[in-house]
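The values are calculated or read from the model by the stated rules, or taken from the named source; none is laboratory data. Just so we're clear, the structure is a prediction, and the values are computed from it rather than from any experiment. FYI the Cβ positions are ideal-geometry reconstructions off the backbone, even for glycines, and counts take in every protein chain you see. Please note that ligands, DNA and RNA were not included when accessible areas were found on the heavy atoms of the full protein model with its side chains. Shrake-Rupley method; radii C 1.70, N 1.55, O 1.52, S 1.80 Å.
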Amino acid sequence: MEDPTESSDLWRLTLEYSPVGMALVDLDGRLLLVNRALSEMLGYDVETLTRRDFQQITHPDDLDTDLQQFHRALDGEIDSYRLRKRYLHAEGHEVWGDLSVAVVRGPERQPLYFISQILDVSEQHEYEQRLQEAKAEIEHERNALEAIFETVSVGLLLIDAEGRYERMNRQHEETMRLPFPDGHDGRAGQLGHVYHLDGKTLMKREEMPSYRAAQGEEFDDYAYWAGSDPLTRAAFSTSARQVRGPNGERLGAALAYQEITELMRAMQVKDEFVSSVSHELRTPLTSVLGHLEMLVEEDLPPSVATQLRVVQRNAARLGALVADLLLVAQVGEGGLRLQRRKVDLSALVREAVESARPSAGQAQVALRADVPDRLEAVLDEQRIRQVLDNLVSNAVKYSRPGGRATVSLRQRPDAVEIEVSDTGIGIPADETERVFSRFFRGGHALTQQISGTGLGLNIVSSIVAAHEGTVSLESEVGVGSTFRVTLPRRSG
Ligand code: ADP
């Protein structure tokens, strides 16, 4: 039989230039002939590689599989086989190969040689490996998100760019029955039993949270009542975020619905309590104050008179507090009624500053009014007095000895501007939004036990709003605060 290592030029050329690794292997597994592609693939020169056997260049973990097939071919069970296996590179790392082996048999079907072709699939293998890992990671993320989506106690809704409902969690599905007892057509903006926080005004299409989100809006804490029956309805606070693709294009929006019924009911109870307590306190307190007034007129021993004045002062403070509570309750019950008339605002400011002078003196705060001789505006005198008193007393209360507080008054084209500024302790940025809320007291006021109820600025903002004016605040901790009230001058 002709020695195949000596065979035709054609065979040699094929072997030499094939991009696929090739080897002629004897029955013991020795490599009789290898091509350049294989030697490059495994990092040996052709000569070195020719002296090895395939067992030496196979990764030990894959050797058994290869040997099994090799022996089956030797035994005549099969004529060829194919497997994916790891080889050992000369530098020690793995090379993944796609191996095809064919047996060359003699006239008696006795095996003579093996021809092996090995395609380097290391890159492909690595790519597949990475793809698998990425798939597993995506799957893991998806499962985690799915679990969160269904377990949170917040209703979640996803809509597409056209406002069609894509997905919602069970929590949201259950609460949908309140506003939409007859079902929902799966499009943002469907009208239902959805009311604004007054509990009476029905929401319009363009006010519905899902519709606003479908229009590209983002918002937080947008609250409403859902359900037609005032006894069983529920309140929700909603947030929306846009979902965008890699190039920033809008894909849709995600909405979260947090139920806040308990909170809203608690707030109602608190308002009702404040209102009823202040109404109940007013009558006896008026009587106490009236009688005290009469008593101090009497000819009393000096020590009794002194004590009575203390009682009178404290009863007056209590009276002022009840008046504040009543005003807050009045705002909550549907707004303040103003008694407007033309007044000299300059005089009002001067009076407010003068009446705060004793307490400013005690606190060692220099108090100053910077006002024109006369500035007339049409407004509710008593209410604006309250605004000034509250702002001035705060400027003094939240200042340190040696500080300054100034009230200035300026005329603008259609408005008047009152500015109360101090060089006091200032208000931290995270509190500036909240200082106007009812009963809010700053951290500093609480820790330093500065007396107060947290109603002053709320009353200021309600009165200013009733006058269709605005109040703004600029403040820096340790530097001072400026409250600016702008009121329209409107006559009539
Ligand atoms: P109160 O003074 O009774 O606490 P207010 O409604 O008048 O209530 O003020 C609310 C909070 O705003 C105060 O507790 C305080 O923390 C802060 N504040 C108000 N005015 C000033 C000011 N001029 N300087 C610093 N902090 C202020």
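Applying 1/(1 + (r/R0)^6) with R0 = 22 Å to the Cβ-Cβ distance of Val20 and Leu74, what FRET efficiency is obtained, to the nearest 0.05?
Working: r = 24 Å, r/R0 = 1.07.
The pair Val20/Leu74 has a calculated efficiency of 0.40.
Would you mind working out the accessible area per residue for the stretch 152-259, using a 1.4 Å probe, and quoting it in Å²? Mind dumping the intermediate values first?
Numbers: 5820 Å² over 108 residues.
I get 54 Å² per residue for this part.
List, in order, the whole-Hz ³J(HN,Hα) value for each residue of the stretch 14-30 obtained from phi through the Karplus relation with A = 6.51, B = -1.76, C = 1.60 and θ = phi - 60°; use x for Gly and Pro.
Per residue, the Karplus-derived 3J(HN,Hα) values read 4, 4, 5, 9, 5, x, 9, x, 9, 8, 9, 10, 8, 5, 8, x, 6 Hz.
Is the shape of the stretch 311-415 best called rounded, prolate or oblate, per the rule: a/c under 1.5 gives rounded, else a/b larger than b/c gives prolate, else oblate, with a ≥ b ≥ c the square roots of the Cα gyration tensor eigenvalues? Walk me through the numbers before you get to the answer.
Details: a/c = 2.05, a/b = 1.05, b/c = 1.95.
Taking the square roots of the gyration eigenvalues as a ≥ b ≥ c, the stretch 311-415 is oblate.
Taking θ as phi - 60°, what are the ³J(HN,Hα) couplings along the stretch 468-478 by the Karplus curve (6.51, -1.76, 1.60), each to the nearest whole Hz, with x for Gly and Pro?
6, x, 9, 10, 10, 9, 10, 7, 9, 4, x
Once each part is reduced to its C-alpha centroid, what is the distance from the stretch 245-309 to the stretch 450-492 in angstrom?
Rounded to whole Å, the Cα centres lie 18 Å apart.
Can you list the GluC sites (Glu not before Pro) in the stretch 277-334 that are in a DSSP coil and have 14 or fewer other beta carbons within 10 angstrom? Write out the running numbers ahead of the final one.
Working: sites: Glu280, Glu293, Glu297, Glu298, Glu333; in loops: Glu298, Glu333.
Sites meeting the loop and neighbour criteria: Glu298, Glu333.
Pull up the DSSP beta bridges for the stretch 335-446 and report the antiparallel fraction as a percent, rounded to 5.
Values: 12 of 17 bridges.
About 70 percent, rounded to the nearest 5.
Relative to a virtual label point 7 Å from the Cα of Gln129 in the Cα→beta-carbon direction, which members of the stretch 78-104 show backbone nitrogen distances below 20 Å?
Under 20 Å, as judged by backbone N against the label point of Gln129, lie 83-99 of the stretch 78-104.
Just check the stretch 4-120 against the gyration tensor rule for me: Cα atoms, a ≥ b ≥ c as the square roots of the eigenvalues, rounded for a/c under 1.5, and otherwise prolate or oblate depending on whether a/b exceeds b/c.
On the way: a/c = 1.84, a/b = 1.13, b/c = 1.63.
It is oblate, given that a/c is not under 1.5 and a/b is not larger than b/c.
Ignoring ligands, DNA and RNA, what percent of the 1.4 Å accessible area of the stretch 4-120 is carbon and sulfur? Working shown, then result.
Numbers: 3060 of 6310 Å².
Solvent-exposed carbon and sulfur of the stretch 4-120 make up 48 percent of the total.
Which of the listed residues, Thr261, Trp225, Asn394, is farthest toward the dipole's positive end in the chain, when Lys, Arg count +1 and Asp, Glu count -1 at the beta-carbon?
Result: Asn394, furthest along the dipole toward the positive end.
Excluding Ala395 itself, calculate the net charge of residues whose Cβ lies under 10 Å from the Cβ of Ala395, where each Lys or Arg counts +1 and each Asp or Glu counts -1. Display every interim value, and only then the final one.
On the way: positive: Lys397, Arg404; negative: Asp422.
Around Ala395, the surrounding residues sum to +1.
Could you sort 282-288, 163-169 so that the peptide with the highest average Cβ count within 10 Å comes first and the rest follow in order? Write down the numbers at each step before the final one.
Details: 282-288: 12.6, 163-169: 16.7.
With the highest mean Cβ count within 10 Å placed first, the list reads 163-169, 282-288.
Which length gain, in nm to one decimal place, applies between Asp229 and Glu354 when the Cα-Cα distance is subtracted from 0.36 nm times their residue separation?
Numbers: separation 125, 0.36 × 125 = 45.00 nm, distance 5.39 nm.
Gain on stretching Asp229 to Glu354: 39.6 nm.
Whole Å is fine, so just give me how far the alpha carbon centre of the stretch 204-221 lies from that of the stretch 113-147.
The two parts, judged by their Cα centres, are 44 Å apart.
If each DSSP helix of 4+ residues adds -39,500 (n - 2.57) and the sum is divided by the residues in the chain, what number results at 222 nm, nearest 500 deg cm²/dmol?
Working: 15 runs with 205 residues, N = 492.
Theoretical 222 nm ellipticity from helices: -13500 deg cm²/dmol.
If you filter the stretch 406-442 for trypsin sites (Lys or Arg not before Pro), then keep DSSP loop positions with at most 14 other Cβ within 10 Å, what is left? Show your work: numbers first, answer last.
Values: sites: Arg410, Arg434, Arg438, Arg441; in loops: Arg434, Arg438, Arg441.
Listed in order of number, the matching sites are Arg434.
Hey, if we sort Ser116, Ser80 by accessible area with the 1.4 Å probe, largest down, what's the order?
Details: Ser116 10, Ser80 70 Å².
Highest to lowest solvent-accessible surface, that is Ser80, Ser116.
For the chain, what does the alpha-carbon gyration tensor say about shape, rounded, prolate or oblate, given a ≥ b ≥ c as the root eigenvalues, a/c under 1.5 as rounded, and a/b over b/c as prolate?
Numbers: a/c = 4.25, a/b = 3.22, b/c = 1.32.
Here the chain falls in the prolate category.
In Å², and per residue, what accessible area does the stretch 341-488 have when probed at 1.4 Å with the other protein chains present?
Numbers: 7050 Å² over 148 residues.
In whole numbers, the stretch 341-488 has 48 Å² accessible per residue.
I'd like the GluC sites (Glu not before Pro) in the stretch 69-106 restricted to DSSP loop residues with at most 13 other Cβ atoms within 10 Å, sorted by number.
Glu77, Glu91
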